[in-house]
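None of the figures in this text is laboratory data; all of them are computed from the coordinates on show. Computed from a predicted model, the values in this text were never measured in an experiment. No Cβ is skipped: glycine too gets one built from the backbone with ideal geometry, and neighbour counts run over all protein chains shown.
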Amino acid sequence: MVRLITHNLLACHVKGCTTNNFPLVFQDVQVELQEAEFNPDFIRNMLPRLEWTALVNAAKQVGDTSLPLEQPDMMDDELLQKLHHALMEIHIIEGAMVCQNCRHAYPISNGIPNMLLAEHEIG
Amino acid sequence: MIVFVTVGSTRFDALIEAAISEPVLTTLRDLGYARLILQRGNSIIEPEESNRESCYSIQRYGVDIEIWKFKPSIQAEFEQADLIISHAGSGTILDVLRLGKPLVVVPNPTLLDNHQEELASALQTLGHLKATSIQNLASTIASFEPRDLVPFPPFDGSKFSNLIDEEMGNMKPVKSVTVVDDPQVHEDQYVHAVYDQIASHFSSTRYKVRTTVSSNLYRFNRALQPWPIIAKFLSDLPTGWIGLDSGAGNGKYLPLPADRPGCILTIGLDRSRNLLQIAQHAGSEPGRLITREVVWGDVLGSGWRSGVFDYAISIATIHHLASHGRRKLAVQRLLQAVSPDHGRVLIYVWAIEQDELSKRSIPTSDSDGSSPHTTGEDVFVPWVMSRQHKQDTPVVPTSVAETPVYNRYYHMFANGELKQLAVQAAEEFGLVIGPRGNVYDEGCRGIEIVQEGWERSNYYVELRRWVS
Ligand SMILES: [Zn+2]
């Protein structure tokens, strides 16, 4: 599945595409909500791995505008809940993720993103 | 009627205790079993003094019970019994099924490094026996319908090993092969195409329900138990860590750790989209759909931010790459994926040195087979559709062969080869090999080999990145 937590890790890996290859931008996405168990410790500890601005923008692209633009210093329970929802409960089922640098589109179908490259694109 | 209970020579106190407990005995009595013969093996039984006896009899809840440490002729006991209750040892299971006797097995949950539960689940899925737990033993016996069991086919050796091959990731006898094609073309034909075939078999042919998680699919997933070292590696990781399972297959490691589900997040990457469709719901149960993060990709790709993962595992994957250079690159992709500061990597590959259970013969280039291997062996491992599968409509009808055989390519690693590969990959990646010490300049990057070894036909190595 592509949830925003995964989206925040993925980057374009087309041969030679090494700058501005993150974050990928969602295109024509279909979204499905699935409840997931809230684990505040997981969210709190995991957060330093994420790029905040990329997350906020990606969340907007899939219709979630609940996150503040700047990463707050204090993580209260309400914010952790919002992060949990944005990161763990929004599933991108169909669509694509497009590289802003080389325009390569990584399709998403049945919730599975296709990060395979054609032979000539492999670095 | 007679019921025979055995734990072989193992110690399984809980099963012995359950077998002579009130709920089980009254259930048996109500079903018409007047005699219970029990082989306790090395189990300890209450009261303590009874363990000194090699055999004694008691009567409880209207059932005559004979308790033996070891029954002299166990084959005769199987033959005269109307029902057998056993631990899930493969020898006992095989003996009983070959006699066509109704069998209820209880895998010993305290055995970690053991195939018992996966074997029991696999055979239950095929309808040959009933698998249950200590807690449910009485209710299982009460509802058990021996007539519903699928007779075990006449023993030809292949059924059992096929089963082990398919359900447990073990192998049938293999044949030597030389990679002559381009390695990538070779992998396309002998790895990717085969796994897609195997996966579509499990997800669509044998298990027809695709839209929801069928209970069979759940059983298939559950039948594959994690290996102890892998389970421990994952369960030792701190809460909040994110990892990559590079070559995730059907996703058996994605739900781990079992004792702290959801405390870490493992993202599954695989070349087979069909396998990913199974992996996507790994660990789900009927009525409780769980969705995993899976990515369709190549283990030689790098479609993520460098160093973004805290850990990476590569289980039974790198041995499918058809050249040394590609295997080395796969290791480098793992090193690149994890944090330079604390990233952990665990790699498993198949070994030339195989364990006893699988009893496969590995062809070697040594004429007498006595000298140690150093470079590994390229082999084909046939995957054969078993009888049960063929009763369904095949996904891809094969024109010639009646029993489709798919050759899977493996590079079986020699002793020391995996460590050598990891060291070479790390050095060329610019890492110092060894524990983090004070001898290095600030900012020096390195990798420590935390552990390496052989476990059940596989070599493994665990690496940890560091920055001084
Ligand atoms: Zn790009």
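The table below lists the values:
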| read-out | value |
| --- | --- |
| Relative contact order for chain A, counting Cα pairs under 8 Å that sit 6 or more residues apart, in percent | 42 |
| Long-range amide H partners of residue B:5 with built H, under 5 Å | B:37, B:38, B:39, B:85 |
| Dipole magnitude of segment B:1-66, debye to nearest 20 (Cβ charges: Lys/Arg +1, Asp/Glu -1, about Cα centre) | 200 |
| Under 5 Å, built H, 5+ apart or other chain: amide partners of residue A:31 | A:93 |
| Segment residue B:17-residue B:74, length gained on full extension (0.36 nm per residue, minus Cα span) | 18.5 nm |
| ³J(HN,Hα), Karplus 6.51/-1.76/1.60, whole Hz, each residue of segment B:101-106, x for Gly, Pro | 8, x, 10, 10, 10, 10 |
| Length-normalised contact order of segment B:2-148 in % [C-alpha pairs under 8 Å, at least 6 apart] | 24 |
| Directionally averaged projected area (convex hull, Cα atoms, segment B:2-148), nm² | 8.0 |
| 10 Å beta-carbon shell around residue B:233, net charge (K/R +1, D/E -1) | 0 |
| Loop-located chymotrypsin sites (Phe, Trp or Tyr not before Pro) in segment B:403-444, at most 12 other Cβ atoms within 10 Å (DSSP) | none |
| Stretch gain in nm, segment residue B:188-residue B:306, where the contour uses 0.36 nm per residue and the Cα spacing is subtracted | 39.8 nm |
| Positive minus negative residues near residue B:64 (Lys, Arg vs Asp, Glu; Cβ under 14 Å) | +2 |
| Net charge over other residues, Cβ less than 12 angstrom from the Cβ of residue A:67 (K, R count +1; D, E count -1) | -1 |
| Using θ = phi - 60° and Karplus 6.51 cos²θ - 1.76 cosθ + 1.60, couplings along segment B:337-343 (whole Hz; Gly, Pro as x) | 6, 9, 4, x, 7, 8, x |
| Rounded Å value of the spacing that divides the Cα centres of segment B:1-41 and segment B:432-453 | 56 |
| Residues with amide H under 5 Å from that of residue B:282, placed H, sequence gap 5 or more | B:292 |
| Overall form of segment B:263-306 per C-alpha gyration tensor (a/c, 1.5; a/b vs b/c) | oblate |
| Computed magnitude of the charge dipole of segment B:2-148 (debye, nearest 20; Cβ of K, R +1, Cβ of D, E -1) | 260 |
